[in-house]
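Student: Please see the structure below; I have some questions.
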Amino acid sequence: MIEVLSVASEIYPLIKTGGLADVAGALPGALAAHGVSMRSLVPGYPAVMREVAGGRVVYEFNDLYDGWARLIAGRFAGLDLLVLDASHLYDRPGSPYVGPDGYDWPDNWKRFAALSWVAGKLALGIVEGYQPDIVHAHDWPAGLAPAHVKYGPSDRVKTVMTIHNLVFQGHFGPEIFPRLDLPPHAYWEGVEYYGGVGYMKAGLAAADAITTVSPTYAREIRTPAFGAGLEGLINYRADALHGIINGIDVEAWDPVTDPELGQNYGTNTLHKRYLNKAELRHRFGLQATDGPLFSVVSRLTGQKGVDLIAANVDWLVSLGATLIILGSGETSLESALYTAAQRHPGRVAIYRGYDEKLSHLIQGGADAILVPSRFEPCGLTQLYGLRYGCVPVVARTGGLADTIIDANEAAVEAGVATGLQFSPVTSEGLGEAIKRAVDLYANEKVWRKIQRRAMKSDVSWSHSAGRYADLYASLLGQERDEQFGN
Ligand code: ADP
């Protein structure tokens, strides 16, 4: 059994702001089937502490970045957790990264330096009876963990750094370096970033292996257009870089059993989706009953191409379609969408906020989901769309390119199409894709065929979990046990 310590700043179902949480929450279960035991080190935010406060205290720190702290071992929703209970760092309202005022917590450097420092200590076996073989760090908040392992006294433990989104890098001033408890030479060997400290960069420089969440994004981040300033280092480390596509939790996301759907359905009972569509119309106050219902479930940001959606609202309505949007984000984009919705009462509606349950109903009732991202490391909403027959209309980039088979004539004819892709990622590109989707929808037989094929796509973790297991084993110089191979 390979022991992996996963280090993540969010984990579903305890705390989630995006896809990282879904991945951190789903991987442990998926890996168990491949002979890997994964424990997750997470910060003790209030939402986490509520669930594990009664757990077993396995270690105490008298002074962890200016306060007392302890590690609590607990289980929740099948997850084996080590929670870093440090109230001076994590016991506050707001999201993991920003306060209620919408600004980053000013001590974020410290909050996540502490998390990685503790990961480094766990790698040395400070908790009795526990020492991981691998430390697997996710995104910049865990970026210093591979550095702590690399510069620590033992070289038994190997490290993996996973990039979920390269744009968020954890870039801080040089004055924090002396507080990181790394040797001085670590600065110039990889921690230094544009005159300061880069947490993501430190992880990319120090880790034994780097992964990102799709093969296409793994290629894209080697170019200046997608590398966000780190393409030089990533190219230098290309031999250590692997693109492994994300899966989804196919039990939590199953239209046959999903409790959030008023009407469950499967590939042979797709017609029943209309009841969920009716429920959505009711909830969003839509009047129109004709034409396809497009949807968006997303952070409302430039990365997600939300401006392209706003620019296409009039066009979409002119084609006889309707649109619902669930999300929140940049103020200017939110107001562009509100203005568009006001122009089309009864045909376009926006629900501002985060609502996990509603996101299930949208996948189970809308006809298509728009994902026009400018870049997309993997993307999860198109995977949920596949699973629910909510046909994904996606930009040809990153994981979107890797997971959707475009409904061009040949693919439709061959019965392999699962959605629509468009390129270039412009407002015109999205507009053409919307028109193509409306035309395909008009042919019920073809549309059903695409939906069915989409629903049969393998979006589970099983294949990708096997790839992570292979990677861990190869870092440890082991052959994977045959019984777990796939
Ligand atoms: P990212 O992590 O870049 O935001 P992903 O597509 O990888 O994008 O993951 C986003 C996750 O967050 C998905 O599980 C999606 O369903 C969910 N999500 C995004 N916005 C909302 C929202 N407003 N309400 C509910 N779920 C949301």
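Student: Kindly indicate whether ALA33 is within 16 Å of the ligand (Cβ to nearest atom) and surrounded by fewer than 17 Cβ atoms within 10 Å (Cβ to Cβ).
Tutor: no
Student: Moving to a separate point now. Out of the residues in segment 142-159 meeting the condition of being open to solvent by less than 50 Å² (accessible area, probe 1.4 Å) and free of Cβ contacts under 8 Å to residues at least 40 places away in the same chain, tell me which one is farthest from LEU180 (Cα to Cα).
Tutor: Within segment 142-159, the match that is farthest from LEU180 (Cα to Cα) is VAL157.
Student: Quickly run through segment 435-457 and pick out the residues that are under 17 Å from GLY291 (Cβ atoms), out of contact with any strand residue (DSSP E or B) (no Cβ under 7 Å at 6 or more places or on another chain) and assigned to a helix (DSSP H, G or I).
Tutor: Residues satisfying the conditions are LYS435, VAL438, ASP439, LEU440, TYR441, ALA442, GLU444, VAL446, TRP447, ARG448.
Student: Would you confirm, using the coordinates I've provided, whether LEU89 is in contact (Cβ under 8 Å) with a residue 40 or more places away in the chain and either at negative phi or among the β-branched types (Val, Ile, Thr) (or both)?
Tutor: Judged against the criteria, LEU89 is a match.
Student: Determine which member of the set ALA114, ALA137 is more than 22 Å from the chain's Cα centre (by Cα), assigned by TED's automatic domain parsing to the domain that holds TYR65 and not in a loop (DSSP other than H, G, I, E, B).
Tutor: Only one candidate qualifies: ALA114.
Yes/no per residue for (1) modelled with pLDDT under 95; (2) open to solvent by 20 Å² or more (accessible area, probe 1.4 Å); (3) within 12 Å of the ligand (Cβ to nearest atom); (4) closer than 22 Å to LYS435 by Cβ:
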| site | (1), (2), (3), (4) |
| --- | --- |
| ASN276 | no, no, no, no |
| ARG347 | no, yes, no, yes |
| TYR354 | yes, yes, yes, no |
| GLY364 | no, no, no, no |
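Student: Consider ALA207 against the criteria (1) touching a Ser or Thr at 6+ places or on another chain (Cβ under 6 Å); (2) open to solvent by 10 Å² or more (accessible area, probe 1.4 Å); (3) aliphatic (A, V, I, L, M): it satisfies all of them except one. Which criterion is unmet?
Tutor: Answer for ALA207: the failing condition is (2).
Student: Of the numbered conditions (1) surrounded by fewer than 21 Cβ atoms within 10 Å (Cβ to Cβ); (2) among the aliphatic types (A, V, I, L, M); (3) more than 24 Å from the chain's Cα centre (by Cα); (4) in a loop (DSSP other than H, G, I, E, B), VAL425 satisfies every one except a single condition; which is it?
Tutor: If we test VAL425 against (1) surrounded by fewer than 21 Cβ atoms within 10 Å (Cβ to Cβ); (2) among the aliphatic types (A, V, I, L, M); (3) more than 24 Å from the chain's Cα centre (by Cα); (4) in a loop (DSSP other than H, G, I, E, B), just (3) comes out false.
Student: Looking at (1) open to solvent by 10 Å² or more (accessible area, probe 1.4 Å); (2) more than 9 Å from the ligand (Cβ to nearest atom); (3) not in a loop (DSSP other than H, G, I, E, B), which is the only condition PHE375 fails?
Tutor: Going through the list (1) open to solvent by 10 Å² or more (accessible area, probe 1.4 Å); (2) more than 9 Å from the ligand (Cβ to nearest atom); (3) not in a loop (DSSP other than H, G, I, E, B), PHE375 breaks only (3).
Student: Those residues that are surrounded by 20 or more Cβ atoms within 10 Å (Cβ to Cβ) and closer than 20 Å to LYS110 by Cα, I need them from segment 41-63; list them, please. I'd like the intermediate steps shown before the answer.
Tutor: Narrowing segment 41-63 to residues surrounded by 20 or more Cβ atoms within 10 Å (Cβ to Cβ): 41-45, 48, 52.
Residues satisfying the conditions are LEU41, VAL42, PRO43, GLY44, TYR45, VAL48.
Student: Something else about it: Restricted to segment 19-30, and to residues that are hydrophobic (A, V, I, L, M, F, W, C) and either in the same structural domain as ARG299 (by TED's automatic domain parsing) or in contact (Cβ under 8 Å) with a residue 40 or more places away in the chain (or both), which residue is nearest to the ligand (Cβ to nearest atom)?
Tutor: Across segment 19-30, the extreme among qualifying residues is LEU20.
Student: Shifting gears a bit: Tell me, which residue of segment 327-338 that is surrounded by fewer than 24 Cβ atoms within 10 Å (Cβ to Cβ) and in contact (Cβ under 8 Å) with a residue 24 or more places away in the chain is nearest to the ligand (Cβ to nearest atom)?
Tutor: That would be GLY327.
Student: Another question, if that's okay. Of the residues that make up segment 117-134, is at least one under 20 Å from LYS16 (Cα atoms), in the same structural domain as PRO174 (by TED's automatic domain parsing), open to solvent by less than 40 Å² (accessible area, probe 1.4 Å) and assigned to a strand (DSSP E or B)?
Tutor: Taking every residue of segment 117-134 in turn, none turns out to be under 20 Å from LYS16 (Cα atoms), in the same structural domain as PRO174 (by TED's automatic domain parsing), open to solvent by less than 40 Å² (accessible area, probe 1.4 Å) and assigned to a strand (DSSP E or B).
Student: Look through segment 296-326, keep the residues that are among the hydroxyl-bearing types (Ser, Thr, Tyr) and either within 11 Å of the ligand (Cβ to nearest atom) or open to solvent by 20 Å² or more (accessible area, probe 1.4 Å) (or both), and return whichever of them is farthest from GLY365 (Cα to Cα).
Tutor: My answer is THR301.
Student: Residues to consider are ALA407, ALA401; find the one that is more than 12 Å from the ligand (Cβ to nearest atom) and out of contact with any Ser or Thr (no Cβ under 7 Å at 6 or more places or on another chain).
Tutor: Exactly one residue qualifies, and that residue is ALA407.
The values are calculated or read from the model by the stated rules, or taken from the named source; none is laboratory data. Here the structure is a predicted model, which is why all the values come from computation and not from measurement. Please note: Cβ atoms are built from the backbone with ideal geometry, for glycine as well, and neighbour counts cover all protein chains shown. Calculation scope for accessible area: heavy atoms of the full protein, side chains included, ligands and nucleic acids excluded. Shrake-Rupley method; radii C 1.70, N 1.55, O 1.52, S 1.80 Å.
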